[in-house]
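Below is one structure, written out as structure tokens, with a few remarks after it.
The values are calculated or read from the model by the stated rules, or taken from the named source; none is laboratory data. Everything quoted here is computed from the prediction, not taken from an experiment. Backbone-built Cβ (ideal geometry, glycine too); neighbour counts: all protein chains shown.
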Amino acid sequence: MEYTFTEKQRLAAREFAAASLSDGARSKCYGNRGNDTRSEKLFSDIANGALAEIAGKSLVELVSPKEAKVSEPDFTVHKVNKKSFDADITLEFVHKDGNKDQVNVLVKSFFKSRNVDFAPSFCFQKVSGRRHTDKELSHLKQGGDSTDVLVVALVMDSRFENGDWANADPEKVGDCCVVYGPFAMQDVEDQSLWRDPYIKKLARYKRVLYLDDLLTLRPVESITFD
């Protein structure tokens, strides 16, 4: 699905990125996760990640029944010691008997409009290790019954892509994207799609899913609970 961001959405993403990096402890936390700590790179990654959540919500709504409640992306800047491990987006189903079910949606982004030759990939912390881990993925196991789904967004700067480099966004924040999925995280786990990142020094803390591998999966056509 193609998605074009409004200027209001792009401004909200920029403000979230700026607020996130204004907290020195939080900036240090990004470095502890093995990330590139250059402030301009972090700003771009955080802003484009926020935009991906906006587009991801739109895709999830397309494959969800009208009665399902789809949460809004949360652009709250949490203190490091109060970091939320909630899913990026959730779907809540309320049944006739009053019982509820929830589907967790993970959203990941890759900013395509950079002068790099890396194939599109989506980065996760390793579930176990010395540094920060993706605790929300610790329940995944082969042959399991996880209902989590993944949406990925290839975020782009249309001017850069069209060769208008002089007018490309100087902060490398996109204005459009292509959204893929949703993909069942259980399929990812069962088919062992996890790979090491291109940058070898990150392999100690990071693992990635490559877009080409994800596209071998059949997307979830409808998110429902019986």
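Based on what the data block shows, is Gly181 in contact (Cβ under 8 Å) with a residue 24 or more places away in the chain, within 27 Å of Glu61 (Cβ to Cβ), part of a strand (DSSP E or B) and touching a strand residue (DSSP E or B) at 6+ places or on another chain (Cβ under 8 Å)?
So Gly181 passes the test.
What number of residues within the stretch 100-124 are in contact with a Lys or Arg (Cβ under 6 Å, 6 or more places away or on another chain) and at pLDDT below 95?
The total comes to 2.
Checking Val155 against (1) touching a Gly at 6+ places or on another chain (Cβ under 6 Å); (2) in a loop (DSSP other than H, G, I, E, B); (3) of a type in the set (A, V, I, L, M, F, W, C), which test does it fail?
(2)
From the residues in the stretch 194-226 that are of a type in the set (S, T, N, Q) and at pLDDT below 90, which one is farthest from Glu67 (Cα to Cα)?
Among those that are of a type in the set (S, T, N, Q) and at pLDDT below 90, it is Ser222.
Filter the stretch 68-96 down to residues that are modelled with pLDDT under 85 and either among the charged types (D, E, K, R) or touching a Pro at 6+ places or on another chain (Cβ under 8 Å) (or both) and give me whichever is farthest from Val155 (Cα to Cα).
My answer is Lys96.
When you scan the stretch 129-147, do you find a residue that is within 19 Å of Gly56 (Cα to Cα), buried (at least 18 other Cβ atoms within 10 Å of the Cβ) and at pLDDT 85 or above, even just one?
no
Farther than 25 Å from Glu40 by Cβ, in a loop (DSSP other than H, G, I, E, B), touching a Leu at 6+ places or on another chain (Cβ under 7 Å) and of a type outside the set (Asp, Glu): is that true of Ser192 in this structure?
In short, no.
On the given criteria, is Ala203 free of Cβ contacts under 8 Å to residues at least 12 places away in the same chain and surrounded by 15 or more Cβ atoms within 10 Å (Cβ to Cβ)?
Against the criterion (free of Cβ contacts under 8 Å to residues at least 12 places away in the same chain and surrounded by 15 or more Cβ atoms within 10 Å (Cβ to Cβ)), Ala203 qualifies.
Identify, by number, the condition in (1) within 18 Å of Pro120 (Cβ to Cβ); (2) assigned to a loop (DSSP other than H, G, I, E, B); (3) touching a residue at least 60 places away in the same chain (Cβ under 8 Å) that Leu209 doesn't meet.
Leu209 satisfies every listed condition except (2).
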